[in-house]
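Engineer: Sharing a structure, written as structure tokens. Questions coming.
The values are calculated or read from the model by the stated rules, or taken from the named source; none is laboratory data. Predicted model only: the values in this text are computed from it and were never measured. Positions of Cβ are backbone-derived with ideal geometry, glycine not excepted, and every protein chain shown enters the neighbour counts.
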Amino acid sequence: MLWLGWLALIAFFVFCWQVMTQNTIWAFVSDAPSQAGDIGSRMFPPRWSYIPQLLEPLWDTMNIATLGTLLALFMAIPVAFLAARNTTPSVRFIRPIALLIIVSSRSINSLIWALLLVAIIGPGVLAGIVAIAFRSIGFIAKLLYEAIEEIDASQVEAVAATGATKAQIMDYAVVPQILPAFAGITVFRWDINIRESTVLGLVGAGGLGLRLQESLNVLAWPQVTVIFMLILITVLFSEWISAKVRHAII
């Protein structure tokens, strides 16, 4: 049976390889190293004079990530409490709806959200903010509702035994236990959104991606190099902030 399993796996791999490569033009593949070297040579030296034109798109990118994360928080927190078994009003009816929202949000990439929103509300930063928010709802709500389900039930019972209302139980027994996880999830998602917001401009949602698309369209490779370096610095900066905050929380 083991050999049959390996044989089936190899056959499946060969089939997938044929499907993936049936339209491949191997002449282009063999020429790829020389093409990459040619483009790489055109990317240097970087056009440093282009940096002032990137400051406003960089600010837009930071705003897209930050405001998108904040908007996602407002929508994800209620969904998380509705999805958690120990806080949902109805396990049979409301919880499945909350889980559907989480799955729907996580199954659609931020670029797809941006494409849809650019078509609906027009190009610009607003489309990017809403796209980041819609993409982040599922991520934040999933991790948060798992944290809610893992709280210490004895603390909830102790507060309930004092005759506290449901709102008071939530304030004094549930929320304090999930605050560290909530802060860590928020910062972690913001760090991810910095990365995602840098490319949303490729579909018209503003930020550095818009400048990147413009430079690629005119084959301005020295400008592309500057944009890549700025994106790298921005991501490293967000990673540093995220690590500092998570370290402080833990």
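Engineer: Out of the residues in region 92-105 meeting the condition of being surrounded by 15 or more Cβ atoms within 10 Å (Cβ to Cβ) and of a type outside the set (K, R), tell me which one is nearest to T198 (Cα to Cα).
Structural biologist: S105
Engineer: Just need a number here: residues in region 75-95 that are modelled with pLDDT under 85 and within 17 Å of R106 (Cβ to Cβ).
Structural biologist: Matching residues across region 75-95 total 0.
Engineer: Take G206 and tell me if it is touching an Asp or Glu at 6+ places or on another chain (Cβ under 7 Å) and either among the charged types (D, E, K, R) or in contact (Cβ under 8 Å) with a residue 60 or more places away in the chain (or both).
Structural biologist: yes
Engineer: A further question on this structure: Under 7 Å by Cβ, and 6 or more places apart or on different chains, what pairs join a residue from region 92-105 that is among the basic types (K, R) with one that is in a helix (DSSP H, G or I) and surrounded by 14 or more Cβ atoms within 10 Å (Cβ to Cβ)?
Structural biologist: R95/L82; R95/A83
Engineer: Please work out which residue is nearest to R195 (Cα to Cα), limiting yourself to region 106-138 and to residues that are free of Cβ contacts under 8 Å to residues at least 60 places away in the same chain and either touching a His at 6+ places or on another chain (Cβ under 6 Å) or not in a helix (DSSP H, G or I) (or both).
Structural biologist: Taking the candidates together, the pick is N109.
Engineer: Every residue in region 229-243 that is in contact (Cβ under 8 Å) with a residue 12 or more places away in the chain and hydrophobic (A, V, I, L, M, F, W, C), please.
Structural biologist: M229, L230, I231, V235, I241
Engineer: Got at least one residue in region 57-72 being aromatic (F, W, Y) and outside any helix (DSSP H, G or I)?
Structural biologist: no
Engineer: May I ask you to list the residues in region 150-196 that are within 31 Å of the chain's Cα centre (by Cα), among the hydrophobic types (A, V, I, L, M, F, W, C) and either surrounded by fewer than 13 Cβ atoms within 10 Å (Cβ to Cβ) or closer than 30 Å to I233 by Cα (or both)?
Structural biologist: To start, the set of residues in region 150-196 that are within 31 Å of the chain's Cα centre (by Cα) comprises 150-152, 170-171, 173-196.
Applying the additional criterion that residues be among the hydrophobic types (A, V, I, L, M, F, W, C) yields 151, 170, 173-175, 178-179, 181-183, 185, 187-188, 190, 192, 194.
Matches in region 150-196: L179, A181, F182, A183, I185, V187, F188, W190, I192, I194.
Engineer: Does P89 meet the test of being under 23 Å from T198 (Cα atoms) and outside any helix (DSSP H, G or I)?
Structural biologist: For P89, the condition - under 23 Å from T198 (Cα atoms) and outside any helix (DSSP H, G or I) - is not met.
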